[in-house]
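Heads up: the structure comes next, in structure tokens.
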Amino acid sequence: MKKLPFILALAFLAFLPAQAQVMTLDLSLAQSQFLPAETLPVTIHLYNNSGQTLHLGADNEWVTFNVQSLDNNTTAINGSQPPVTGAFDLGSSEVATKRVDLEPYFNLKQTGRYSVTAHVHIPQWNMDVPSKPQEFDIIDGAELWSQEFGVPMPAGMSNRPPEVRKYTLEEANYLQKQLRMYLMVTDASGRQIFKVTAIGDMVSFSRPEAQLDGDSNLHLLYQNGGETFLYTVADPDGNIVERDIYNYVNSRPHLSLNDAGQIVVVGGALKTKPVAMPVIVPPSESPAPAK
């Protein structure tokens with residue numbers, strides 16, 4: 001009698017719909033730890049080995065997500081599913097890939113452990129294909145620096161007090177082995193979070209420099225490698241508008257004001273971006289010299 005549960009399990013598997021065995025949905029996360037309100041991108045891969053062409057994406061709910069708090073067993077949805085729009089056909093032996101940011105659609109501001117699962121609805125078969133759950137953590141970072149600032153007003157609207165926001169730089173121990181710098185933009189109290197942006201990796205001994213210009217843009221420079229420094233400019237909404245890498249050559253890079261009162265990086269050497277590098281044409285492809 002002890003073998004009965006195992007026998008019953010085998011019997012249950014034998015009666016699973018054949019479609020479930022020829023459709024596979026994989027869900028993956030770029031990382032396993034996130035700060036509260038940080039962008040949380042997920043990628044799903046739908047593998048079709050059914051021998052049929054599937055017609056998907058005709059509505060906004062052909063793929064749905066469920067995010068569950070594992071600490072208190074509650075669903076973290078804010079009220080609507082992420083829209084994954086666009087009808088398409090998925091032929092047999094083909095793979096469909098979709099990427100979605102879950103953060104705007106789920107309440108992920110509380111620290112703790114969570115689980116996310118995706119379901120794809122197959123209208124032709126009137127059935128859902130689930131993914132395996134993926135777990136992740138919402139963690140707090142350590143504050144390194146903060147500064148309140150006024151949001152610039154449009155011309156002609158300077159006769160009232162400005163909206164006050166706050167930049168906060170935080171570091172988080174990513175996967176317990178890599179420090180990462182984050183920028184958080186909030187209201188003055190810090191309770192309303194407008195945006196959280198991952199700036200990049202950092203070294204433990206880095207001491208970030210941060211300055212605000214006349215448009216309330218944040219200029220940030222810090223060491224992100226043994227001999228490299230990351231320079232980033234963010235606007236009052238938390239969007240990255242400039243990013244450069246400087247090498248430690250002859251002197252350490254640092255922020256300074258030029259003669260025009262602009263914040264610039266002084267010292268070091270700007271690392272050439274691939275798009276700015278000259279194109280070297282091999283001699284075999286060079287045009288023949290004019291005679």
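The values are calculated or read from the model by the stated rules, or taken from the named source; none is laboratory data. Predicted, not measured: the structure shown is a model, and the values here were computed from it. A quick note on method: Cβ atoms are made from the backbone with ideal geometry, for glycine too, and the neighbour counts reach across all protein chains shown. Ligands, DNA and RNA are excluded from the accessible area calculation, which covers all protein heavy atoms including side chains. Shrake-Rupley method; radii C 1.70, N 1.55, O 1.52, S 1.80 Å.
Restricted to strands (runs of 3 or more DSSP E) entirely inside segment 77-143, those with at least 3 residues that are out of contact with any Lys or Arg (no Cβ under 8 Å at 6 or more places or on another chain) are 88-90, 94-101, 112-122, 127-130. Residues that are at positive phi and in contact with a strand residue (DSSP E or B) (Cβ under 6 Å, 6 or more places away or on another chain) within segment 38-79 comprise just one, 57. Surrounded by 16 or more Cβ atoms within 10 Å (Cβ to Cβ), farther than 30 Å from residue 33 by Cα and either modelled with pLDDT of 95 or more or in contact with a Gly (Cβ under 9 Å, 6 or more places away or on another chain) (or both) - does that describe any residue in segment 232-250? Scanning segment 232-250, I find at least one residue that is surrounded by 16 or more Cβ atoms within 10 Å (Cβ to Cβ), farther than 30 Å from residue 33 by Cα and either modelled with pLDDT of 95 or more or in contact with a Gly (Cβ under 9 Å, 6 or more places away or on another chain) (or both), so the answer is yes. Among the residues of segment 73-116, count how many are without any contact (Cβ under 8 Å) to a residue 40 or more places away in the chain, closer than 22 Å to residue 137 by Cα and open to solvent by 90 Å² or more (accessible area, probe 1.4 Å). Final tally of qualifying residues: 2. Scanning segment 178-193 for any residue that is of a type in the set (Asp, Glu), open to solvent by 30 Å² or more (accessible area, probe 1.4 Å) and not in a strand (DSSP E or B) turns up nothing. Consider residue 197 carefully, then state whether it is touching a strand residue (DSSP E or B) at 6+ places or on another chain (Cβ under 9 Å), over 29 Å from residue 44 (Cα atoms) and hydroxyl-bearing (Ser, Thr, Tyr). Here the answer is no, as residue 197 does not meet what is asked.
Would you mind stating whether residue 229 is assigned to a strand (DSSP E or B) and open to solvent by 40 Å² or more (accessible area, probe 1.4 Å)? When the stated conditions are applied, residue 229 does not pass them.
Among the residues of segment 86-98, are any of a type outside the set (Lys, Arg) and within 17 Å of residue 32 (Cα to Cα)? Taking every residue of segment 86-98 in turn, none turns out to be of a type outside the set (Lys, Arg) and within 17 Å of residue 32 (Cα to Cα). Number of residues in segment 237-262 that are over 25 Å from residue 196 (Cβ atoms) and either touching a helix residue (DSSP H, G or I) at 6+ places or on another chain (Cβ under 7 Å) or among the aliphatic types (A, V, I, L, M) (or both) equals 3. Are any residues in segment 204-216 free of Cβ contacts under 8 Å to residues at least 60 places away in the same chain and open to solvent by less than 30 Å² (accessible area, probe 1.4 Å), and if so, which ones? Selection gives 206 alone.
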